[in-house]
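The values are calculated or read from the model by the stated rules, or taken from the named source; none is laboratory data. Owing to the predicted nature of the structure, the values given are computational and were not obtained by experimental measurement. Cβ placement follows ideal geometry from the backbone for every residue including glycine, while neighbour counts extend to all protein chains displayed. Areas reflect the complete protein model, heavy atoms only, side chains present, ligands, DNA and RNA absent. Shrake-Rupley method; radii C 1.70, N 1.55, O 1.52, S 1.80 Å.
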Amino acid sequence: MTTINDLPNEILLMIFQKVKAKKQLTRTCKRWNELIVNFLFLSIDLSSEERIRKFMDITFTRSYGQLDIYGVMLVRSDFDWTDSSRQLENAHAKRVRYESDPYVLLRKCLQVVRQYEGIVEYMSLTFGPIMDKSLMGFLPRSDGPSLLESLVIRFESWDNIKSEDWIIDRMEFISEEGLKEISEMPNLKRLEYDDNRSKGDRTARRKFFDAIARKAKAITEIYLSCNYYACFSDFRIIRSFSTQLQDLSCTVYPIFVKDFLQLAFPEVKSLYLDFRPCTTMPDPGRFFENAKSLVDLNVANINSDEFFRQGVYCSSATVEWLTITGNQQIPMDGLQGLIGLKELKLYGYVGSEVQHAVPHSTSLEKLVIERCTSGFSFYGVLAESVPHITELHITEDAALNDECLRINVQNVLDFLLNPNLQSLSLEQCGRNVNMIETVRKIKQLMAVSRPLPHLEIADFW
């Protein structure tokens, strides 16, 4: 008789993914335990005295495929708080020094990493503000190649703890000295480096990225985020994997914007670029021509209309999902060059000139607008500009008010009664209480003439 154990591993894994109590299944048999271990997640939160004490008393014996440690840091004590009920999230929380070894917690964190570095496939480490120099010590250093597939590094500012409470002496406690060579990471596909501090150690950042470039050759996803002006190492790590990256998210700094736009990303499918620090923009045409596989494009804080007209709209024919964010005006003329565009999200302000303000696309199916239109001149021609749209979401557009609807009531109704439209969402729009009555009338008309499968109209100013 055929039993569940006759199923191949691939099918069993699909079944286990649907089960919430996975730990209980590990007791069934050795085969199930080996399969389920990749789903088991060890999460360690060190944000309070109670959690630290619990962590220090635990001996970890079970195998885990995913490891997350939050709160790796050095302060005046790793155990004692002035008030045990206070946590890092409390602005008045403060650690004080007693007789305990201030490095014992850090040693235990490193011990856990060493214990699981040979088997974990996902590892996430969240460090305190001045832990840069200890970062390299947490990279895999097992005898054989690491099985790590995804590595997440985060630095938090935790401004609520005063600078004098941080231990800044002997910060080389965890150093390269005496440690094994960093393991090869042939399976590492995803790297995320998120820095929420106002200032960091650029040298430590560069050493970390250089080590990753040497030991991990298969990375296809890179996500870089930084609140301070980062160094050239961001560009170097991106350049090292540019020809094989499929997902990339980063801030482009003036120090390397020109060199960055000369890189080729032939395999990239999803791309997020924030140009906030840049005041000048080189010609991006060649950059987008080389991104021949690009499907999902998200750009933020572009201060150049030509970036869109000569770059995105002219040279990104493969893009299907486009998101534009920023406080600058967003030009729409030339959008029809994206012949396969299906979804457009605008988080900014569309220009006041009608011919440049309205998206024209015969392929567009979903349009999301947030705080960015010129009002009646925009909505008056929207219906003919995007004739095949099926979803429309409008949020915080103060220009969509009672006056706008009164001037364009027939155009708006024609658009809403379009047989292609299946979903409509309007939230926090308008500044006139009279609009509530207008919307009520529209909803009544639509309920009789054109019921939508999904209709949501709420929170009008």
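What to note about this one:
- Among the residues of the range 352-373, those that are modelled with pLDDT under 85, assigned to a loop (DSSP other than H, G, I, E, B) and open to solvent by 40 Å² or more (accessible area, probe 1.4 Å) comprise SER352, GLU353, ARG371.
- The residue list TYR193, TYR228 contains one member that is open to solvent by 10 Å² or more (accessible area, probe 1.4 Å) and not polar (S, T, N, Q), which is TYR228.
- Contact map, the range 266-286: first residue on the phi < 0 side of the Ramachandran plot, second residue among the hydrophobic types (A, V, I, L, M, F, W, C) and open to solvent by 50 Å² or more (accessible area, probe 1.4 Å), Cβ cut-off under 8 Å, separation 6 or more or different chains; pairs are GLY285/CYS314.
- Residue ID - modelled with the highest pLDDT, chosen from residues in the range 95-138 that are open to solvent by 50 Å² or more (accessible area, probe 1.4 Å) and under 22 Å from GLY200 (Cα atoms): LYS133
- Residue match in the range 378-387 (condition: touching a helix residue (DSSP H, G or I) at 6+ places or on another chain (Cβ under 6 Å), open to solvent by 60 Å² or more (accessible area, probe 1.4 Å) and either of a type outside the set (Asp, Glu) or assigned to a loop (DSSP other than H, G, I, E, B) (or both)): no
- Matching residues in the range 362-388 - criterion: being polar (S, T, N, Q) and more than 18 Å from TYR349 (Cβ to Cβ): THR362, SER363
- Single residue of the range 224-260 satisfying the filter (part of a loop (DSSP other than H, G, I, E, B), farther than 12 Å from ARG276 by Cα and not aliphatic (A, V, I, L, M)) that is modelled with the lowest pLDDT: CYS231
- A single entry from PHE265, PHE308 fulfils the requirement of being open to solvent by less than 10 Å² (accessible area, probe 1.4 Å), modelled with pLDDT of 90 or more and more than 20 Å from the chain's Cα centre (by Cα): PHE308.
- Unmet criterion (only one of (1) aliphatic (A, V, I, L, M); (2) surrounded by 20 or more Cβ atoms within 10 Å (Cβ to Cβ); (3) not in a strand (DSSP E or B)) for LEU297: (3)
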